[in-house]
Structures are given as C-alpha cells and as structure tokens.
Amino acid sequence: MGDLYLIGLGLSKRFLTNASIESMKRSDVIFLDSYTSLSCDLSKDVLEEIIGKQISIVKREDLEQGYRNIIESLKTKNVAIATVGDPMIATTHVGLAVEARKNGYNVRIVPGISVHCYIISKSMLSSYKFGRSVTLVYPYEGKTDMTTYNVIKSNQEAGLHSIIYLDLRDGKPMDGNEAINLLLSMESQRNEGVIRLDDVLVLGERLGCDEERVFALSFREAIKVNLNRPPYIIIIPSKKLHYMEVEALKCLH
Ligand SMILES: C[S@@+](CC[C@H](N)C(=O)[O-])C[C@H]1O[C@@H](n2cnc3c(N)ncnc32)[C@H](O)[C@@H]1O
C-alpha cells in the first residue's frame, strides 16, 4: 500500500528543500502540477536531473477528473504531486488529499516556500494584518468578475492587507500592467474609493528568481512603470498602516 505525497517545491531551484527532494526520491510515480503556479527555473527536466527519476506533467483536469486513477495507483505505489510553492496554499489539492485519506492511505504533506509567505516577508508588512487573499481573473466574454474588488473592500473595512494572485489561464500568466489596469477599471465601474490613484500597492515580480523585484509604489506610478516578465503578485496594503509599516514600505521604493 502506497502513500500520497503532496510536495511543495518552493519558488525556484534554490528554494527546493531536502525534504522535498527526499520525498520525490521515495515516490514511484511523480506528477508535476503545471497549472497552479509557475517558476523561472523549476521544470520537468530540471527536476528529473536532480532526483534521477521520470516525472509526468499534469493539468488541472488530470488531477480533478482523473483522481480515481491516482487513488488506484496508491494500491501498490507511492504517488507524489509536486507543486511550485506550497502544495496546499492557493491550490485545489485538498480534495485529492481527503479522498486518499478516506480510502485509507497516508497523506504526507511536504510544505514548500509559498509565494504567499514570500511576499509577506519581502513586503515587511505586519503578517498579523493580512485578510482574505484572492485571484484576479481575466475578464470573460467582456465581463469583469468583481470578486477581487469586493475582497479588497471588505479587507480594507477590517483594516487588513489584501494579497492578490494573478490569473494563470492555459499556461498564460497575467501581466503586471494588465492587472493594475484591471484593478483601476474596477474602481471606474464601482467608484467606491477602494482603489485610488494615490494609493500604494506592493508589486512582486519574478519572486525567488535572480531578477526578482519588489516595489512599493502608487497606482499612478504603477501605470507607467516598466515591468519585466511575469509572474507577478500584488499586495494592496490596509489604509490603516502602523507607522513602522509606513517606514517599511518606504524601504521598497
Ligand atoms: C494561485 S497562486 C499558487 C501559489 C502556490 N501554490 C504557492 O504556494 O506559491 C499562483 C499565483 O501566484 C503568483 N506567483 C506565483 N509565483 C510567483 C513568483 N515567483 N513571483 C511573483 N508572483 C508569483 C502569480 O500571480 C501566480 O499566478
């Protein structure tokens, strides 16, 4: 009887842990989740070279609709799902973990450095003051999903910071400029003063990579800033900042 490993790879090669490498080596079948996040240098080829085993890339439907095949494989094999970042943060793997557990298999979670923790750390904002996080999705058939705006608004009302992941659809990560314009267009539609041109945001670009940048800048500045390449993550800080948080954000200019 095998175990199910849910393995976090961290954001890039340098954040792979011994625990994640050992767990992959212990697994008979390894799937690399290609749809919840992306990395500048962690790929199937790089991982295969590090662990000396074959890895298969899986898409969302392979795991969500094909989960029975994975449970079936557990009868005789250790199966690993490896994910960039942390395997349980802003992913949908909990369903698979619950199903494996219900079928009597051990589930071994190997945490990885998540983009969520990474940007909190780099922003220097108080980790006690983060509210609900949210994914900013691409408009669909000309319609904008306003969930992100609503989440930022309710976090602001509670004096909390908001972490905004950007959509990753069919392997296409949303660009930072597109995200900033989309947030501003939500404000134009709703006009509730949630996102003002002079409000500050924190923008994380290619975190964990050699060329990583973390900026704190106003929306007015962000519209004009020259960006490199995705992935990006955004924090909209609370409007009620502690004076030390104000000083910390100045260090990111
Ligand atoms: C849905 S989250 C998945 C998080 C992942 N499970 C983790 O723990 O890191 C994926 C989104 O986080 C952001 N992201 C992921 N890696 C990033 C990086 N290295 N730099 C900046 N943003 C990143 C992007 O917006 C991406 O679409």
Cys with no candidate disulfide partner in the chain (beta-carbon separation under 4.7 Å rule):
Cys117, Cys251
How large, in percent, is the carbon and sulfur part of the accessible surface of the chain at a probe radius of 1.4 Å?
49
Suppose R0 equals 30 Å; then what is the FRET efficiency for Thr92 and Lys240 from their Cβ-Cβ distance, rounded to the nearest 0.05?
0.35
For the chain, share of DSSP beta bridges that run antiparallel, in % to the nearest 5:
45
Compute the Cα gyration tensor for the stretch 108-253, then decide on rounded, prolate or oblate, letting a ≥ b ≥ c be the square roots of its eigenvalues: rounded whenever a/c is under 1.5, prolate when a/b is larger than b/c in the other cases, and oblate in all that remain.
rounded
Given 4 °C and 1.567 mPa s, how large is the Stokes-Einstein diffusion coefficient of the stretch 4-113 in µm²/s, with Rh as the Kirkwood radius over Cα pairs?
95
Among Gly171, Thr148, Leu125 - extreme Cα towards positive end, dipole of the stretch 103-174, charges at beta-carbon
Leu125
Dipole in debye (nearest 20) - the stretch 4-113, about Cα centre, beta carbon charges: Lys, Arg +1; Asp, Glu -1
300
Per DSSP H run of at least 4 residues, take -39500 (n - 2.57); add these up for the chain, divide by its residues and hand me the 222 nm value, nearest 500 deg cm²/dmol.
-9500 deg cm²/dmol
Once all protein chains are kept in place, Val115 shows an accessible area at probe 1.4 Å, nearest 10 Å², of 40
Span from the the stretch 115-144 Cα centroid across to the the stretch 174-253 one, whole angstrom
10
Going out from 0 in 10 Å bins, what whole percent of all Cα-Cα distances in the chain drops into each bin?
7, 29, 31, 21, 10, 1
Nearest-0.05 FRET efficiency for Asn103 and Val225, computed from C-beta distance (R0 51 Å)
0.55
Roll a 1.4 Å probe over the protein chains and send me the accessible area per residue for the chain in Å².
50
Nearest 10 degrees, 0 to 90: what angle lies between the long axis of helix 176-190 and the longest principal axis of the chain (Cα atoms)?
60
Give the ranking of Met244, Met146, Met88 by solvent-accessible surface, highest area first, calculated with a 1.4 Å probe.
Met244, Met88, Met146
Under 5 Å between amide H atoms, partner at least 5 residues away or on a different chain: which partners does Leu16 have, H built in plane at 1.01 Å?
none
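The values are calculated or read from the model by the stated rules, or taken from the named source; none is laboratory data. As the structure is a prediction and not an experimental result, all values here were calculated from the model. Neighbour counts run over all protein chains shown; Cβ positions are idealised from the backbone, glycine included. Ligands, DNA and RNA are stripped out before the accessible areas are found, and what is left, the full protein with its side chains, is counted by its heavy atoms. Shrake-Rupley method; radii C 1.70, N 1.55, O 1.52, S 1.80 Å.
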